[in-house]
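Some notes on the structure that comes next.
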Amino acid sequence: MKFLEKLNSSVNCNQSLICIGLDPDTSLIPDNISLEDFIRQIIEATSDLVCAYKINFAFFEAMGSEGYHFLHAARSLIPRHIPVIADAKRGDIGNTSRAYARAIFEKLDFDAVTVNPYMGYDSIQPFLEHSERGIFILCRTSNPGANDFQNLQCLKDENKTPLYLLVAEKSRQWNIHGNVGLVVGATCPEELGLIRKQCPEMPILIPGIGHQGGDVRLAVVNGTDSNGRSAIINSSRQIIHASRGDDFAIQSRQAANKLRKEINQYRRPF
Ligand code: OMP
């Protein structure tokens, strides 16, 4: 099944636009439990409330060689009908990107990946070729430093356009297999609205609510399409580390349920 079909099906099935980010901080996990069990319990407690999970490679790579084992385990623990995004922010010369794409899609069997567009088309093309998988291109990121480059005005056809909108436009052109999405932070709702206008149907992965301070209502109103869909609203720490105690799974479920309800209340009728 293609990534978008799988995503639409989990959005419908769970009536949810939430993506839970599995970014485990081992110092926040109760002492008496292994990382694998922690992740298993989080997934078991939330898998009926989400449209996707996103696994950020950094938190696993930081553990050294055993991190790769946990990354593999985390991916395998997620029920097959729920799409899983590899948050790896890849992008390199074509030959290297091809190897990254093989690792993420063929060895680890992720449904989608985040990629960095800075090196241009040939650095992303090897991912796009995997037409069954979703490719999320960083467009306007949630961090304060996003302003350093992404909001710079560039001259195009004698008009000034911010770089992030040029990225959105190129991403549309590259979307020949219908498998491209964008990453736009909830911390920049104005930009999110402009990007949604330029790419009315594209899925947008929206991180930045919770600890980064993004506004949930604006993320939904500016980020969803005309049917109240196509936005994947990510929350990581606020959900998986909702509690440091033995009740962590129950608390993560409560946090996910609260966010799901809040998001659905702002969605257009569906
Ligand atoms: P929390 O702030 O804990 O919800 O985590 C946000 C997650 O989204 C982390 O895994 C970030 O690496 C990721 N992220 C952003 O926070 N901002 C972005 O602009 C892009 C991403 C991403 O690509 O997922």
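The values are calculated or read from the model by the stated rules, or taken from the named source; none is laboratory data. This is a predicted model, so every value here is computed, not measured. Heads up, the Cβs are rebuilt from the backbone with ideal geometry, glycines too, and the neighbour counts pull from every protein chain shown. Surface accessibility is based on the protein's heavy atoms, side chains included, excluding ligands, DNA and RNA. Shrake-Rupley method; radii C 1.70, N 1.55, O 1.52, S 1.80 Å.
For residues that are within 22 Å of VAL216 (Cα to Cα) and open to solvent by 40 Å² or more (accessible area, probe 1.4 Å), scanning just segment 103-149, find the one that is nearest to the chain's Cα centre (by Cα). Steps first, answer last, please.
Let us first name the residues in segment 103-149 that are within 22 Å of VAL216 (Cα to Cα), namely 114, 136-147.
Keeping just the survivors that are open to solvent by 40 Å² or more (accessible area, probe 1.4 Å) gives 143-144, 147.
Numbers: ASN143: 15, PRO144: 18, ASN147: 20 Å.
Per the stated criteria, the residue is ASN143.
With the structure loaded, tell me whether ALA219 is away from the ligand (no atom under 15 Å from the Cβ), open to solvent by less than 50 Å² (accessible area, probe 1.4 Å) and in a helix (DSSP H, G or I) or whether it fails that test. No, not satisfied. Got at least one residue in segment 178-187 being within 30 Å of SER123 (Cα to Cα) and of a type in the set (S, T, N, Q)? Yes, because at least one residue in segment 178-187 is within 30 Å of SER123 (Cα to Cα) and of a type in the set (S, T, N, Q). ALA58: open to solvent by 50 Å² or more (accessible area, probe 1.4 Å), within 15 Å of the ligand (Cβ to nearest atom), of a type in the set (A, V, I, L, M, F, W, C) and in contact with an Asp or Glu (Cβ under 9 Å, 6 or more places away or on another chain), yes or no? Yes, satisfied.
Take GLY178 and tell me if it is surrounded by fewer than 16 Cβ atoms within 10 Å (Cβ to Cβ) and small (Gly, Ala, Ser). The answer is yes for GLY178. Residue-level check: of (1) in a strand (DSSP E or B); (2) within 18 Å of the chain's Cα centre (by Cα), CYS154 misses just (2). For first residues located in segment 84-108 and more than 21 Å from LYS54 (Cβ to Cβ), partners that are surrounded by 21 or more Cβ atoms within 10 Å (Cβ to Cβ) and lie 6+ apart or on another chain with Cβ distances below 9 Å form the pairs GLY94/PRO126; ASN95/PRO126; THR96/ARG90; THR96/PRO126; ARG98/PRO126; ARG98/PHE127; ALA99/PRO126.
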